[in-house]
Amino acid sequence: MGEDYKVTDQEPEPGAYQAAEPVRSAPSVTLETAETLGDAFKAARRASGRSLAELSSTTKVPVRYLEALEDGRRADLPSRPFALGHARSYAQALGLDETAVAERLRREYDLPNQKLQAPVGLAFDDNRRKSPVWAVTGVVLVLAVVGWNVLQRVNLIDAAQSADLSSIPESWRVGSTFGEIELEAPRPAPPDQTTPVLYVTPGLEEVLAPALAGAQAAAAAPDMGGPVGAAFNPRGAVYGTAAGNSGVILQARRASTIVVRAADGVVHFARQLAAGEAYRAPQTGGLVVDVSDPTAFDLFLNGERAGRLEQPQTSLSQLNARAEALGRQAAAEAEARNREAQRAAEARLREAEAAAAARVNQAQATPDASVEIAPTSTAAVEAAAQ
């Protein structure tokens, strides 16, 4: 690995061994004497006794770039800033002068040390030359428009004109006296205004009594915002969980705030919903929905309207349980209706079969009518089966 061993001239003690001390040899080629920068890098690396992999781990420079620096392969090096940075890191790891390495890299690889300059070109020069002209032209136009508007406003102002009443009557002057003024006796106050009694056609109250009672009952009942059982109609964005994952939906009738919190106070959803927007509640347990106005939200369970929220804070677990119970109830009712319809269809089929059998027996008893009755019996059986 390029290491020499030397033995000291001291005599070893009796019974002891003399250990050789490893000494790293100095590089045979230095940065000043090397023909190329790559030779200097390679000689310094061999003198250090380290491999390219070790130096790559130390400098964080890929091995391929270290090899390109040693072999002088400019095409394999990255762009100028990165090539200089890799060379400086490699020189620092090998104990070489970073500044000298950077200067020699620029000289050998034709990387002049030039400052960055602004791009030049025909379009850039023309814009820079014409930009003051355009600025002056814009200022002149703005001043012209403002001056024209001021002039128009001044011309629209009417000039001061003399009053139509050129002279003041003598009786209006200060110090003038009027004749004696006589006051009449006070007049009585006008009678209080009253609302006339509403005229009702005789017999009309009896005819309209049922309708009036129904209207009064409807007015006394709370406004549910629509019939119970109406299908959910999204009229805006629907937030919350995805469709099909929950049967609980809260739809805003007007702009109102909704906040969904967990038992530990963590907020899962908070937003001011506009009219028509909705929130689909998840199946997560322990969540509580907190609304600013319960009457501003319609509650939909399994896609059907179930009224409004009853209180500002409601447990979503309770609403999900109601939705599941309604779902089971609806499934049970549908199954019962299917069984009832199936039993009715079977009963009608049995009646049709019995009627057809009776007609067949009657046809057999009377051979003359068998030809006409048999097709009619078959059609009746088919109609009953359908």
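Some observations on this one:
- Selection status of residue 369, in a helix (DSSP H, G or I), open to solvent by less than 40 Å² (accessible area, probe 1.4 Å) and modelled with pLDDT under 80: yes
- Checking 287, 299, 326 one by one, the residue that is under 15 Å from residue 254 (Cα atoms), modelled with pLDDT of 80 or more and not aromatic (Phe, Trp, Tyr) is 299 and no other.
- Just one residue in the set 229, 225, 244, 236 is at pLDDT 80 or above and outside any strand (DSSP E or B); that residue is 236.
- Scanning segment 48-92 for residues that are more than 21 Å from residue 34 (Cβ to Cβ), open to solvent by 70 Å² or more (accessible area, probe 1.4 Å) and within 47 Å of the chain's Cα centre (by Cα) turns up 57, 58, 60, 64, 80, 81, 82.
- Residue identified as at pLDDT below 85 and under 54 Å from the mean Cα position of the chain (by Cα) among 308, 337: 308
- Among the residues here, residue 26 does not qualify as among the aliphatic types (A, V, I, L, M), surrounded by 12 or more Cβ atoms within 10 Å (Cβ to Cβ) and at pLDDT below 90.
- Residue within segment 84-94 that is of a type outside the set (Ser, Thr, Tyr), over 20 Å from residue 30 (Cα atoms) and at pLDDT 85 or above present: yes
- Pairs are defined by a Cβ separation below 9 Å, a sequence spacing of at least 6 or placement on different chains, a first member in segment 47-75 that is in contact (Cβ under 8 Å) with a residue 24 or more places away in the chain, and a second member that is open to solvent by 70 Å² or more (accessible area, probe 1.4 Å) and of a type in the set (Gly, Ala, Ser); the pairs so defined are 47/26; 47/28.
- Residue 261 vs. criteria under 22 Å from the mean Cα position of the chain (by Cα), open to solvent by 40 Å² or more (accessible area, probe 1.4 Å) and not aliphatic (A, V, I, L, M): yes
- Of the candidates 47, 34, 53, 16, the single residue that is at pLDDT below 85, over 22 Å from residue 106 (Cβ atoms) and of a type in the set (A, V, I, L, M) is 16.
- Criterion violated by residue 128 - all others in (1) open to solvent by 100 Å² or more (accessible area, probe 1.4 Å); (2) modelled with pLDDT of 60 or more; (3) assigned to a helix (DSSP H, G or I); (4) not aromatic (Phe, Trp, Tyr) satisfied: (2)
- Residue 170 being modelled with pLDDT under 75 and over 30 Å from residue 303 (Cβ atoms): yes
- Scan of segment 252-270 for residues that are part of a strand (DSSP E or B) and in contact with a Leu (Cβ under 8 Å, 6 or more places away or on another chain), ordered by number: 252, 256, 257, 258, 260, 261, 268
The values are calculated or read from the model by the stated rules, or taken from the named source; none is laboratory data. What you see is a predicted model, and the numbers here were worked out from it, not measured in a lab. As a convention, Cβ positions derive from the backbone with ideal geometry for all residues, glycine included, and neighbour counts pool all protein chains shown. Please note that ligands, DNA and RNA were not included when accessible areas were found on the heavy atoms of the full protein model with its side chains. Shrake-Rupley method; radii C 1.70, N 1.55, O 1.52, S 1.80 Å.
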